[in-house]
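Taking it in order: structure first as structure tokens, then the write-up.
The values are calculated or read from the model by the stated rules, or taken from the named source; none is laboratory data. Bear in mind that the values here come from a model prediction, so they are computed numbers and not experimental data. Cβ sites come from the backbone with ideal geometry, for glycine too, and all protein chains shown count toward neighbours. With ligands, DNA and RNA removed, areas are computed over all heavy atoms of the protein, side chains included. Shrake-Rupley method; radii C 1.70, N 1.55, O 1.52, S 1.80 Å.
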Amino acid sequence: MTDLSFVALACGLIIGLGAIGACIGIGIMGGKYLEASARQPELMNTLQTKMFLLAGLIDAAFLIGVGIAMLFAFSNPFK
């Protein structure tokens, strides 16, 4: 295998594992939000605001990983 193939493999792992982590995190957070809003419906609006804020932060972390993977893919130091 060449150095370029290792870079492609690393980019795929960064994007794939980041996507899996973000999906699992948002799924767990959504489930906990539903549990919390079922227990205390009067706090639903504040919980919803915090849930959407955290969903944005989780997606931002994944997109930062995608950006780093694209940096490795397009500015390859092994060329």
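Filter the chymotrypsin sites (Phe, Trp or Tyr not before Pro) in the range 10-79 to those in DSSP coil with at most 14 other Cβ atoms within 10 Å of their Cβ, and list the result. Don't jump to the answer; show the numbers that get you there.
Details: sites: Tyr33, Phe52, Phe62, Phe72, Phe74, Phe78; in loops: Phe78.
Those satisfying the criteria are Phe78.
For the chain, which whole-number percentage of the solvent-accessible area (1.4 Å probe, protein heavy atoms only) is attributable to carbon and sulfur atoms? Show your work: numbers first, answer last.
Values: 4370 of 5760 Å².
That share works out to 76 percent.
Give me a comma-separated list of calculated 3J(HN,Hα) values for the range 66-71, in order, Karplus coefficients 6.51, -1.76, 1.60 applied at θ = phi - 60°, integers in Hz, x for any Gly or Pro.
5, x, 5, 5, 5, 4
Under a 1.4 Å probe, what is the accessible area of the chain per residue, stated in Å²?
Working: 5760 Å² over 79 residues.
For the chain, the solvent-accessible area averages 73 Å² per residue.
Translational diffusion coefficient, Stokes-Einstein: compute it for the chain using the Kirkwood radius over C-alpha pairs as Rh, at 4 °C and 1.567 mPa s, and state it as an integer in µm² s⁻¹.
Details: Rh = 14.5 Å.
D = 89 µm²/s.
Relative to the Cα centre, what is the charge dipole magnitude of the range 2-79, using +1 at the beta carbon of each Lys and Arg, -1 at the beta carbon of each Asp and Glu, and rounding to the nearest 20 debye?
Details: 4 positive and 4 negative charges, 8 e Å.
My answer is approximately 40 debye.
Based on the Cβ-Cβ distance from Ile64 to Leu4, what FRET efficiency comes out when R0 is 25 Å, to the nearest 0.05?
Working: r = 24 Å, r/R0 = 0.94.
The value I calculate is 0.60.
Picking from Ala22, Ala38, Ala60, which is most flexible by a Gaussian network model of the chain using Cα springs under 10 Å?
So, out of Ala22, Ala38, Ala60, the one fluctuating most is Ala38.
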